[in-house]
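Down below is the structure, laid out as structure tokens.
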Amino acid sequence: MINKNILLCVTGGIAVYKAAALTSKLIQSGAKVKVIMSKSACQFVTPLTFQALSRNDVYIDTFDEKHPEVIAHIDLADWADLVLVAPATANVIGKLANGIADDMITTTLLATTAPVWIAPAMNVHMYSHPAVMKNIETLASFGYQFVEPNEGYLACGYVGKGRLEEPEKIVSLVTNYFQTQTNTLSGETILITAGPTKEMIDPVRFLTNRSSGKMGYALAEEAVKMGAKVILVSSVDSLPISKDVQLIKITSAEDMYQAVMDKYQQATIIIKSAAVADYRPKQISQQKLKKKDGNLIIEFERTKDILLELGKKEDKPFLVGFAAETENIDEYAWSKLERKNADIIVANDVSREGAGFEGDTNIVTLYKKNHTKKELPLLSKNQTAKEILLEIHRDLKEGVRNANS
């Protein structure tokens, strides 16, 4: 936390008093803190309080340019290593979800490229309102992370979910975030598969699925940030990816099998997030199939099960598989973990809103070899990737690799 730049955005609600304590604790942890307040927040605690605690100017008005050599909201947006909105009202969540920039906080948030964390605080019924839930889901799809509110006695007299998380817990989360940003996976080589495979029928037609490759690409991106060497095997090459990732372009399930088997001994961790075809046409026509009267019958044959083959290897790396299901998630995930000799199975119900193919969010559960499971909430795919990688790191740190060798 030493010299990390935290931009704290404080919006109007009784929980503003906790934001003052949060400012103090962030400063005590070694961070540099600058504060932006909404005009409503100033009704609860004065800007002077945050100025004294942060030892920096407090920003309120977009048009109050304290330093003429810079544009304040752009300068703050660029300065931040992390932006924290605490407390976040239903109003500011709604504005951000819809791209509205009508005050100092919202214009700065739209201009920043730093990670943004939202810590909601409001009445329990406001928090559970469908409009608020939809806005939260939208922001999660943008990559915003949420610090879930606590349940308890609220200022309005209700008892329920809506209390701003305690400052000590927020500081702990922020500290952990910065600790895991660099070198967590230093020394590891991670082989990741991503996206669908394409199984040719004839020169112009193929069979595939709805996988976009976004989850695998997110894993590759986050793994590089954590210091790992990354090999990405994918049929997708249209998504942005770090130049530090070695991309191996494939088309079919057989191509992916050959690429993985060629590289697996270089890897200390393999993450099979690709949606690989289970079957392919037994015969591929060398010419375009012409339309005829009646039905077309295509005979299929099984493709090679890459995860199963890896699980059989005596020198197998730490092995993570994915399971996209629509029913009986627990049953299928535990069974796959056992049959494929994997260390973790990441399973999701692709029929759930926010967890299916092609989207920017995911809702997954990690099933582990020690017979425990960890459920993750709705997160952006990048944040989901980060949580998966951290769980792998924890298992390796606890000696799971040695236990499997």
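General observations
- Summed over region 362-384, residues that are among the hydroxyl-bearing types (Ser, Thr, Tyr) and part of a loop (DSSP other than H, G, I, E, B) total 1.
- With respect to the stated conditions, ILE190 is in contact with a helix residue (DSSP H, G or I) (Cβ under 6 Å, 6 or more places away or on another chain), within 23 Å of ALA342 (Cα to Cα), touching a residue at least 60 places away in the same chain (Cβ under 8 Å) and assigned to a strand (DSSP E or B).
- Check on VAL320, closer than 30 Å to LYS134 by Cα and surrounded by 13 or more Cβ atoms within 10 Å (Cβ to Cβ): no
- For region 308-338, the candidate set comprises residues that are among the β-branched types (Val, Ile, Thr) and modelled with pLDDT under 95; within that set, the residue that is farthest from ALA355 (Cα to Cα) is ILE329.
- Once region 20-53 is narrowed to residues that are of a type in the set (Gly, Ala, Ser) and touching a helix residue (DSSP H, G or I) at 6+ places or on another chain (Cβ under 9 Å), the residue that is surrounded by the most Cβ atoms within 10 Å (Cβ to Cβ) is ALA41.
- Residues in region 206-240 that are surrounded by fewer than 19 Cβ atoms within 10 Å (Cβ to Cβ), among the aliphatic types (A, V, I, L, M) and under 27 Å from LEU378 (Cβ atoms): 1 in all.
- Filtered residues of region 274-304 (kept if of a type in the set (Asp, Glu) and in contact (Cβ under 8 Å) with a residue 12 or more places away in the chain): ASP278, GLU299, GLU301
- Here region 267-300 is the region considered, the condition is being closer than 17 Å to THR251 by Cβ and over 31 Å from the mean Cα position of the chain (by Cα), and the residue that is surrounded by the most Cβ atoms within 10 Å (Cβ to Cβ) is ARG280.
- Consider region 308-317 and keep the residues that are free of Cβ contacts under 8 Å to residues at least 40 places away in the same chain and either in a loop (DSSP other than H, G, I, E, B) or out of contact with any helix residue (DSSP H, G or I) (no Cβ under 9 Å at 6 or more places or on another chain) (or both). The one that is surrounded by the most Cβ atoms within 10 Å (Cβ to Cβ) is LYS312.
- Some residue of region 66-84 being β-branched (Val, Ile, Thr), touching a Cys at 6+ places or on another chain (Cβ under 6 Å) and within 23 Å of ALA140 (Cβ to Cβ): no
- Summed over region 339-386, the residues that are modelled with pLDDT of 95 or more and among the acidic types (Asp, Glu) give a count of 1.
- Looking across region 200-236, the residues that are closer than 16 Å to PHE357 by Cα, in contact with a Ser or Thr (Cβ under 9 Å, 6 or more places away or on another chain) and assigned to a helix (DSSP H, G or I) come down to MET215, GLY216, TYR217, ALA218, LEU219.
- Check on THR46, of a type in the set (S, T, N, Q), more than 16 Å from VAL174 (Cβ to Cβ) and free of Cβ contacts under 8 Å to residues at least 12 places away in the same chain: yes
- Taken as a whole, the condition of being closer than 15 Å to PHE322 by Cβ, surrounded by 16 or more Cβ atoms within 10 Å (Cβ to Cβ) and in contact with a helix residue (DSSP H, G or I) (Cβ under 7 Å, 6 or more places away or on another chain) does not apply to ILE250.
- Residue in region 380-394 that is surrounded by 15 or more Cβ atoms within 10 Å (Cβ to Cβ), within 29 Å of VAL116 (Cα to Cα) and over 14 Å from the mean Cα position of the chain (by Cα) present: yes
- Subset tally (residues that are within 15 Å of VAL92 (Cβ to Cβ) and assigned to a loop (DSSP other than H, G, I, E, B)) for region 15-49: 5
- From the list LYS161, LYS95, the lone residue that is part of a strand (DSSP E or B), among the basic types (Lys, Arg) and surrounded by 15 or more Cβ atoms within 10 Å (Cβ to Cβ) is LYS161.
- Hits in region 106-121 - residues which are in contact (Cβ under 8 Å) with a residue 40 or more places away in the chain, aliphatic (A, V, I, L, M) and part of a helix (DSSP H, G or I): LEU109
The values are calculated or read from the model by the stated rules, or taken from the named source; none is laboratory data. No experiment lies behind these values; they were computed from the predicted model shown. Cβ sites come from the backbone with ideal geometry, for glycine too, and all protein chains shown count toward neighbours.
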